[in-house]
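S.K.: Can you read through this structure? Questions will come right after.
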2 protein chains.
Amino acid sequence: MGDYKKMWEGLGIDIEKHDALCDALPELFGDTYLTQENRPEGMNYFNYVVAEVHGARIEELEKHKENGGKVVGTFCVFVPDEVILATGAIGVGLCSGSQFWIEDGEKVLPRNLCPLIKAFTGAKVGLTCPYFQSCDLLVGETTCDGKKKAYEILEDYTPVHVMELPQMKREKNYEQWEDEIKLFIKEMEELTGNKVTVEGLKKAIDLNNRKRRVLKRLYDLRKNTPSPISGLDSLLITQIAFYDEPERFIKQTEELCDELEERVKNSKPNGKKRIMITGTPMALPNWKMHSIVEGLDAEIVVEETCIGTRYYENEVSAEGETIDELVKNMANRYMNINCACFTPNYGRTEDILRYAEEYDIDGVIYYNLSFCHTYAIEYNQVEKVLKDNDIPVLMVETDYSEEDTGQIRTRVEAFLEMI
Amino acid sequence: MGDYKKMWEGLGIDIEKHDALCDALPELFGDTYLTQENRPEGMNYFNYVVAEVHGARIEELEKHKENGGKVVGTFCVFVPDEVILATGAIGVGLCSGSQFWIEDGEKVLPRNLCPLIKAFTGAKVGLTCPYFQSCDLLVGETTCDGKKKAYEILEDYTPVHVMELPQMKREKNYEQWEDEIKLFIKEMEELTGNKVTVEGLKKAIDLNNRKRRVLKRLYDLRKNTPSPISGLDSLLITQIAFYDEPERFIKQTEELCDELEERVKNSKPNGKKRIMITGTPMALPNWKMHSIVEGLDAEIVVEETCIGTRYYENEVSAEGETIDELVKNMANRYMNINCACFTPNYGRTEDILRYAEEYDIDGVIYYNLSFCHTYAIEYNQVEKVLKDNDIPVLMVETDYSEEDTGQIRTRVEAFLEMI
């Protein structure tokens, strides 16, 4: 990473503490990523993005703010990026994927809580995430009890707008979500001073759809046997999609996909077991599960998670001539995400079965962050459906620590032998 | 308990397993309750209700059903009992307060989950709760992730209707809750074949308000120093309020309160520390915390919980000449319950401060069932406000097991010495 000390100081970063994070990341990344053999050339760009994750991109955000722009931080795939883009603001996903932030998070939150929530809260409270420090507004949602209540604590530190996501999928719930999107538009208009126009919103819808499309292209390429790209690399790309400048991200990912298409033509069977991950999100730099699985004789070819299919599946229709019509289109697209926060959530098991076939899966790993109740309980239903369809499944509940890595490896190893 | 084997068999109870529960309860009750000195005479009725908890009351439910009536089980103070009563059905709280049911609950639910949820699920799955077996319908709500998702599992065993409780308290949320109450009326009308009328609903509102009023009378009596009744006995009465026939319950509690009023006239200071419990519910027979505290030199004089003030505070206005108006009144009353499921939930800290003054509190014990995220996170805010007001607070996170009893006793003892 370049020298950004002055910028970080300006952002109120706790420099000394943050240095410890900056020192650890390159080693973790090197060990996990750069040791992979025969990586696509196109990954170089993404390597660069990680190397500069708290530097070059933050510099762009700061430049945007110097020109009067606003930066908005989000935690969840339900927050409609289209609205942020349509008001000329930049949206970024927030730091939440490292054990590094847990200690500070536990100063204000109970220990028995999902590591993702403890991490993002710790990143803000401990002043060690430049993304948080760049944000003019954080946008939360009510997708789980832990996040819902943690935002109340974050509000002591920074402005927060919370969108109330309905918990069911009846017709009136779609209308409720439309109304929440309208409230969010109002909030963003007030923050930026820019009015959302039909033209502007259509442009934003188009941009976001193109981002979804290139991710779908990447995922579709993984349906090949063998996949032309590792699960680790794919995961990294999707993680970066939450932070990166969208046009550049699309261009770089298209180029990578071109390369992968060539690879497919000359690929030879590698005999590896094909694994689907389903469950809770893996925020940057949480590569733990992928690293374990791909360190063994297996490749992860699809993630039915929020840093996976749930992020890019289904586009927002740009048809319509009024804001109301476009908002309706957005509500329809977002409400169709099959998150375990909904009751019931049968769409998710249907998705999993469809992916199992499309990606020619040998087995499923149900990845559950500790204390995430919705996904943990929904395992009961997913397990039943998978067993009914003779698809092997392994449940792994874990956090960000490395303590259980050996134990998980042993279990995955046994699972791979069995399937 | 009388001989109800035949009735239980008819209900599909697992007799052998259930016998183990029936054998354990009298001893637990005897040790916890009957060892108290100088109990009010009026407690005899409630002793009887506990002794017959799976017998005499179930017999009443069965009789009601033989006459074509319906029985509805609920888990939460947000479900409007008025609607159940107005369709001629009987509403009962459901088994969820004993370690006994945990093992069966963990067969279908994750271990890292609130014991209350594991217990009620286990009670149904293991066929050891005659209340569950008597029910024609269970009514759930979306007050927390754990319950919300556990109802999906219960649906495999019995019909469930889930009410979507909003997660905020804006004007539109009140309207959403009105709509949920209307859907619940429709569901109950279909189940019972009885139409809800204005007159019938007003009667039900009146009955429920009278029940709230007598509980308020009981709690108001506890404001005296010393309280004329133990926290243990008060807790038992409120627990029974969820199961008992309302008119009988009101009559018996009024009589008890008459007796307590006489006691107050002749009471002498006992020097005991006055404690408020705030936090998560204590379902029958969960007497653990009260038993520990009152085994020491302290008395619990108020519970800011769902088996306490949140259950009876605020009446439903019976003013209005249409169902819509009465539904609006109900929505207003229920939405004003200050549950940690709401974001934000500042009303709760206001309640706690008010009670601290009204009940002349020496200290607060924040009682948190393990893995209940909403209340665990909200502790941060409550602790801050209490400290700002120089009110000592002790946080206790626990489940239904007896393993931590000694440790909690030591902590409470130290707390009582300090305040």
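S.K.: Considering every residue within the stretch A:403-413, establish whether at least one is open to solvent by 40 Å² or more (accessible area, probe 1.4 Å), part of a helix (DSSP H, G or I) and β-branched (Val, Ile, Thr).
M.R.: yes
S.K.: Going by what's in this entry, would B:Glu171 be described as more than 10 Å from chain A (Cβ to nearest Cβ), open to solvent by 20 Å² or more (accessible area, probe 1.4 Å) and either on the phi > 0 side of the Ramachandran plot or free of Cβ contacts under 8 Å to residues at least 40 places away in the same chain (or both)?
M.R.: Criteria met by B:Glu171.
S.K.: Going residue by residue through the stretch A:310-328, is there one that turns out to be in contact with a Phe, Trp or Tyr (Cβ under 8 Å, 6 or more places away or on another chain) and part of a strand (DSSP E or B)?
M.R.: Among the residues of the stretch A:310-328, not one is in contact with a Phe, Trp or Tyr (Cβ under 8 Å, 6 or more places away or on another chain) and part of a strand (DSSP E or B), which makes the answer no.
S.K.: What is the number of the single condition among (1) in contact with a Pro (Cβ under 6 Å, 6 or more places away or on another chain); (2) within 22 Å of A:Leu94 (Cα to Cα); (3) open to solvent by 10 Å² or more (accessible area, probe 1.4 Å); (4) not charged (D, E, K, R) that A:Thr158 does not meet?
M.R.: (1)
S.K.: Would you please name the residue that is farthest from A:Leu369 (Cα to Cα), looking only at residues in the stretch B:113-153 that are hydroxyl-bearing (Ser, Thr, Tyr) and part of a loop (DSSP other than H, G, I, E, B)? If you could, list the steps in order and put the result at the bottom.
M.R.: Just the residues of the stretch B:113-153 that are hydroxyl-bearing (Ser, Thr, Tyr), to begin with: B:121, B:128, B:131, B:134, B:142-143, B:151.
Now narrow it down to the ones that are part of a loop (DSSP other than H, G, I, E, B): B:128, B:142-143.
Working: B:Thr128: 32, B:Thr142: 22, B:Thr143: 21 Å.
Once the filter is applied, the top-ranked residue is B:Thr128.
S.K.: Moving on. Kindly indicate whether B:Gln176 is over 24 Å from the mean Cα position of the chain (by Cα), facing chain A (nearest Cβ under 10 Å) and open to solvent by less than 60 Å² (accessible area, probe 1.4 Å).
M.R.: In short, yes.
S.K.: Now for a separate question. Suppose the filter is more than 19 Å from the chain's Cα centre (by Cα), away from chain A (no Cβ under 14 Å) and either aromatic (Phe, Trp, Tyr) or within 28 Å of B:Lys223 (Cα to Cα) (or both); does B:Arg310 pass it?
M.R.: no
S.K.: Kindly list, by first and then second residue, each pair from a residue in the stretch A:53-66 that is under 18 Å from A:Leu137 (Cβ atoms) to a residue that is part of a helix (DSSP H, G or I) and open to solvent by 10 Å² or more (accessible area, probe 1.4 Å), limited to pairs with Cβ atoms under 7 Å and residues at least 6 apart or on different chains.
M.R.: Short answer, once both residue conditions are applied: A:Ile58/A:Met7; A:Glu62/A:Met7.
S.K.: Sticking with this one: Quick one: would you say A:Tyr151 is among the aromatic types (Phe, Trp, Tyr), open to solvent by 40 Å² or more (accessible area, probe 1.4 Å) and within 14 Å of chain B (Cβ to nearest Cβ)?
M.R.: Details: among the aromatic types (Phe, Trp, Tyr): yes; open to solvent by 40 Å² or more (accessible area, probe 1.4 Å): no; within 14 Å of chain B (Cβ to nearest Cβ): yes.
Against the criterion (among the aromatic types (Phe, Trp, Tyr), open to solvent by 40 Å² or more (accessible area, probe 1.4 Å) and within 14 Å of chain B (Cβ to nearest Cβ)), A:Tyr151 does not qualify.
S.K.: Given the structure, is A:Arg210 under 19 Å from A:Asn314 (Cβ atoms), away from chain B (no Cβ under 14 Å) and touching a Pro at 6+ places or on another chain (Cβ under 9 Å)?
M.R.: Working: under 19 Å from A:Asn314 (Cβ atoms): yes; away from chain B (no Cβ under 14 Å): yes; touching a Pro at 6+ places or on another chain (Cβ under 9 Å): yes.
Judged against the criteria, A:Arg210 is a match.
S.K.: OK, next. Does the stretch B:332-354 contain at least one residue that is more than 14 Å from chain A (Cβ to nearest Cβ), more than 14 Å from B:Glu303 (Cα to Cα) and either touching a His at 6+ places or on another chain (Cβ under 9 Å) or of a type in the set (Ser, Thr, Tyr) (or both)?
M.R.: Yes, there is a match, as at least one residue in the stretch B:332-354 is more than 14 Å from chain A (Cβ to nearest Cβ), more than 14 Å from B:Glu303 (Cα to Cα) and either touching a His at 6+ places or on another chain (Cβ under 9 Å) or of a type in the set (Ser, Thr, Tyr) (or both).
S.K.: Then there is this: Among the candidates A:Lys124, A:Lys118, single out the residue that is within 11 Å of another protein chain (Cβ to nearest Cβ), buried (at least 24 other Cβ atoms within 10 Å of the Cβ) and within 20 Å of the chain's Cα centre (by Cα).
M.R.: Exactly one of A:Lys124, A:Lys118 is within 11 Å of another protein chain (Cβ to nearest Cβ), buried (at least 24 other Cβ atoms within 10 Å of the Cβ) and within 20 Å of the chain's Cα centre (by Cα), namely A:Lys118.
S.K.: Somewhere in the stretch B:271-284, is a residue without any contact (Cβ under 8 Å) to a residue 60 or more places away in the chain, more than 14 Å from every other protein chain (Cβ to nearest Cβ) and within 30 Å of B:Thr197 (Cα to Cα)?
M.R.: There is no residue in the stretch B:271-284 that is without any contact (Cβ under 8 Å) to a residue 60 or more places away in the chain, more than 14 Å from every other protein chain (Cβ to nearest Cβ) and within 30 Å of B:Thr197 (Cα to Cα).
S.K.: Check B:Leu236, B:Leu232, B:Leu218 and return the single one that is in contact (Cβ under 8 Å) with a residue 12 or more places away in the chain, in a helix (DSSP H, G or I) and more than 24 Å from B:His54 (Cα to Cα).
M.R.: Details: B:Leu236 fails: more than 24 Å from B:His54 (Cα to Cα); B:Leu232 fails: more than 24 Å from B:His54 (Cα to Cα).
Within the list B:Leu236, B:Leu232, B:Leu218, the selection yields B:Leu218.
A quick yes/no check of all residues on (1) of a type outside the set (Asp, Glu); (2) within 21 Å of the chain's Cα centre (by Cα); (3) at negative phi:
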position: A:Thr35; (1), (2), (3): yes, no, yes
position: A:Gly68; (1), (2), (3): yes, no, no
position: A:Glu82; (1), (2), (3): no, yes, yes
position: A:Leu94; (1), (2), (3): yes, yes, yes
position: A:Gly105; (1), (2), (3): yes, yes, yes
position: A:Cys129; (1), (2), (3): yes, yes, yes
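The values are calculated or read from the model by the stated rules, or taken from the named source; none is laboratory data. These numbers come from a predicted model, not from an experiment. A quick note on method: Cβ atoms are made from the backbone with ideal geometry, for glycine too, and the neighbour counts reach across all protein chains shown. Just so you know, the surface numbers come from the protein's heavy atoms only, side chains and all, with ligands and any DNA or RNA stripped out. Shrake-Rupley method; radii C 1.70, N 1.55, O 1.52, S 1.80 Å.
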